[in-house]
Amino acid sequence: MGFEIEVPSSHFKLKKEAEEAISSIVGAYPKAEKMWKILNEDAEVNANWDMADYITTSKLHYNDHGEVHAKIAAANALKMLKLLLEGGVLPDIMKERAGNEDDAHLIVMTGGLLHDIGNQVHREMHNVSGVYLAIPLLNGLLPLVYSEPELMYEVRGHILHTIYSHEFEMDDLTIEASLVGIADGTDMAKGRGRLTFEAGNVNIHTVSALSIERVEIERGERAPVRIKIWMNNSAGIFQIQETLDKKISHSRLKVKVEIYAITQPEGVLTDNRIIQSLLFTEKGFEAF
């Protein structure tokens, strides 16, 4: 039997912010902008998001991996791509002179939006399932954007690599895949682990997720990209080390991305309390 839980209103706000960020960035790139509109309106894409979300939240009691997560990841990947380009770092599609900035934005955005669709099959090996699901989907959608078959299939190959390698156990072999993988780890703002916490899944992962207030992407001081993380509790460090740091370590952007974490309110020596008390029963830990 699944569980029913009210989705926090903050999730809808984050979705809207992500959509606005994506639209703003790809607005300068005709192919990426067209693909953004196609993916948003496509029935199969939306069904993939819904089913991936259903399996991860209702069946596995994980935080959501559907539309909201996909759009947050895509938006943050595009923000980082913009900063890298401004810093003179070229994505692979441009380094190999197969495509231009427009193609790079399309790859990163599409990879971000589709990277987790394999969760609808199962969480285990969802990166592999995602590739199999994405191939026929991309075969149907990319021809609506590309008239040159060879470039279209190269773009498809780049997108498939972002999907396969977004898990931190897999090494990202391209800049585009690195951006999607790292962006996947940036979706931890506003207690994005609250769904599992309120469903009774109390552990360091959910408590740490509740410690993250917001995540911002900005220009770094020692690197082209800085991921700034605002925490209300020091437990957020676990989320950063176990998720985001591992994503960066397995990417091609280790020296191009810096993490800057701040506990707030600044200057206060104590953290906000997330758990008042714990009771251990045959069901595990329950928080009060």
Residue in segment 124-139 that is at pLDDT below 95 and on the phi > 0 side of the Ramachandran plot present: yes
Hits in segment 36-48 - residues which are more than 18 Å from the chain's Cα centre (by Cα), touching a residue at least 24 places away in the same chain (Cβ under 8 Å) and farther than 14 Å from residue 133 by Cα: 38, 42
Residues of segment 68-88 that turn out to be among the acidic types (Asp, Glu) and more than 20 Å from residue 105 (Cβ to Cβ), as a count: 0
Residues of segment 1-49 satisfying the condition of being at pLDDT below 95 and assigned to a loop (DSSP other than H, G, I, E, B): 1, 2, 3, 4, 5, 6, 7, 8
Odd one out for residue 130, checked against (1) of a type outside the set (Lys, Arg); (2) farther than 17 Å from residue 109 by Cα; (3) assigned to a helix (DSSP H, G or I): (2)
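The values are calculated or read from the model by the stated rules, or taken from the named source; none is laboratory data. All values derive from a computational prediction rather than experimental measurement. With ideal geometry, Cβ positions are generated from the backbone for all residues, glycine too; neighbour counts draw on all protein chains shown.
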